[in-house]
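Shown next, in structure tokens, is the structure this report addresses.
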């Protein structure tokens, strides 16, 4: 199984159950790297200050909250440390509710909760109780510094933890206004008929990501056909003959053209902030 | 009497202000007893008079290196421990100071730049507590190596791109040790110390060998602070973009060879414990402190050219505004032939890769 992203314990009343948290879902999207089209080198992201025209190292960054356009209040590490974070390593159960009471719009992300060593017994007990009573437990948990509302529910012999959006994170403006639309009984009957026709049990295995599969096939074909772009073996990898490398670097500068703004910028990094010693 | 001897004699007066005559030029000098380098545990205080004396004494060697090059100057009106100004433009220079109009993308217009070609200009700058001299790596003079390049420097970036000022005489490699002595305050730059400097000289010697392998002659000088500057004189066939790429490529190659010693990291933190190989100065309008330039250092050190063979025997504080002129008079300038040693790098690379 994947690495636990969190460990701590469930606590309710006098009982604590040591548990570990694992992501229950994962995105399977094929991801791409952004390359420089002319040479095939992977692009780097740089933090750039457009005022000083310098690249900014982490130690010169600050976190600013934009309270009105272009105006920021800066928060320091000390400020963040002052904030309260109550449930760091515990999942505090606060109430038991029926699952159908929670609208799916609140669900954010699903995690599997697994019992830590020697905690199987109390874990099994909680799971069975939830199954029998057909209940879910609301709780709070802190993951990566952020306290989140969550719900624990039984699912195929496991307790699943669903993080929930807070109510104020669910938008109230729905963009829908059909109060004045009139629907006749005949039209409604027609809709019922269509629905009946397509009604069947939900089987997730029937659904596939067609786009991803097509993309994977395309990549496979490209690899076989050797239409592959590979970065030139310079710089970080393999030692080139220095003279050859210098010649290439000169050619690269020529290709850059002369009055090109981008290359101009590149030749003038860090006007003031490069700290010169020598 | 020579101009230099004449000026030195005049500076022997006890007067704190007088009109100095330099050949046919007159210059009001003031506050000559102003301390620019306060006394330290191991050194006496140095004044503006000491600075003027120094500049006068080294001028025969220094002026050829400044000729034709736009010059930036760092001024320290309150001495090396006070605030400094990096001055690029001069509104109303005296008649003996040559100046030239050059387009500046920073100002989005033409600006007045200084070119220091005589002792009077040098002393005028010193009188204003101009301590650090930063000449461009390119110059406004045409030569056998500048066919097709223009002498038009105004109006736009594009004009400047096509001009002789876009073609430097040198590839420069700036080696800055980021090894801390342990005495620095938080956020301070590393101080000069023996171990770090020794490591820097060793790296410089290895770079010299590497470049010699390509058939290139190199020149080295102390930065006057903690590091070393290596110059490769070249014919002006490559523009700044190409030269910067060349310097970066040398840096990356050296990084592969000696990853424990070199860093090309932009972030100061990640340079710690290594020698920062700075190739970024190879840009139009950027510069390093000139040969013989005084530096911001408590002891009044200067950037001093050194013979490669003697590099392992010297230490940056050997060369101050007091000691450097004597050494120079004794041994001469190891860089005197740098401009007659310009190498055809384009041709050399063709040969090596054929």
Problem set entry | Members of the range B:133-148 found to be in contact with a helix residue (DSSP H, G or I) (Cβ under 6 Å, 6 or more places away or on another chain), modelled with pLDDT of 95 or more and assigned to a loop (DSSP other than H, G, I, E, B), listed by number | B:138
Exercise. What number of residues within the range B:310-338 are in a loop (DSSP other than H, G, I, E, B), touching a strand residue (DSSP E or B) at 6+ places or on another chain (Cβ under 7 Å) and farther than 19 Å from residue B:65 by Cβ?
Worked result: 1
Exercise. Among the residues of the range B:154-179, which ones are at pLDDT below 95 and away from chain A (no Cβ under 12 Å)?
Worked result: B:154, B:155
Exercise. Does residue B:151 qualify as being more than 9 Å from chain A (Cβ to nearest Cβ), more than 19 Å from residue B:283 (Cβ to Cβ) and either surrounded by 15 or more Cβ atoms within 10 Å (Cβ to Cβ) or within 18 Å of the chain's Cα centre (by Cα) (or both)?
Worked result: no
Exercise. Is there a residue being farther than 19 Å from residue B:293 by Cβ and either modelled with pLDDT of 95 or more or more than 14 Å from every other protein chain (Cβ to nearest Cβ) (or both) anywhere in the range B:121-132?
Worked result: no
For this session: Would you mind finding the one in B:292, B:238 that is more than 13 Å from every other protein chain (Cβ to nearest Cβ), surrounded by 19 or more Cβ atoms within 10 Å (Cβ to Cβ) and in a loop (DSSP other than H, G, I, E, B)?
Result: B:292
Seminar exercise, completed: The strands (runs of 3 or more DSSP E) lying entirely within the range A:1-85 that contain at least 3 residues which are surrounded by 11 or more Cβ atoms within 10 Å (Cβ to Cβ) and within 24 Å of the chain's Cα centre (by Cα) are A:6-12, A:15-23
Seminar exercise, completed: Of (1) free of Cβ contacts under 8 Å to residues at least 24 places away in the same chain; (2) within 8 Å of another protein chain (Cβ to nearest Cβ); (3) surrounded by fewer than 19 Cβ atoms within 10 Å (Cβ to Cβ), residue B:260 fails just (2)
Problem set entry | Of the criteria (1) over 30 Å from residue A:210 (Cα atoms); (2) loosely packed, with under 10 Cβ neighbours inside 10 Å, which one residue A:90 fails | (2)
For this session: Keeping to the range B:198-224, report how many residues are surrounded by fewer than 22 Cβ atoms within 10 Å (Cβ to Cβ), within 12 Å of chain A (Cβ to nearest Cβ), touching a strand residue (DSSP E or B) at 6+ places or on another chain (Cβ under 7 Å) and more than 23 Å from residue B:146 (Cα to Cα).
Result: 1
Problem set entry | Filter result for the condition that a residue is part of a helix (DSSP H, G or I) and farther than 22 Å from residue A:119 by Cβ, over A:173, A:147, A:187 | A:187
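The values are calculated or read from the model by the stated rules, or taken from the named source; none is laboratory data. Here the structure is a predicted model, which is why all the values come from computation and not from measurement. Using ideal geometry, Cβ is built from the backbone for each residue, glycine included, and neighbour counts are taken over all protein chains shown.
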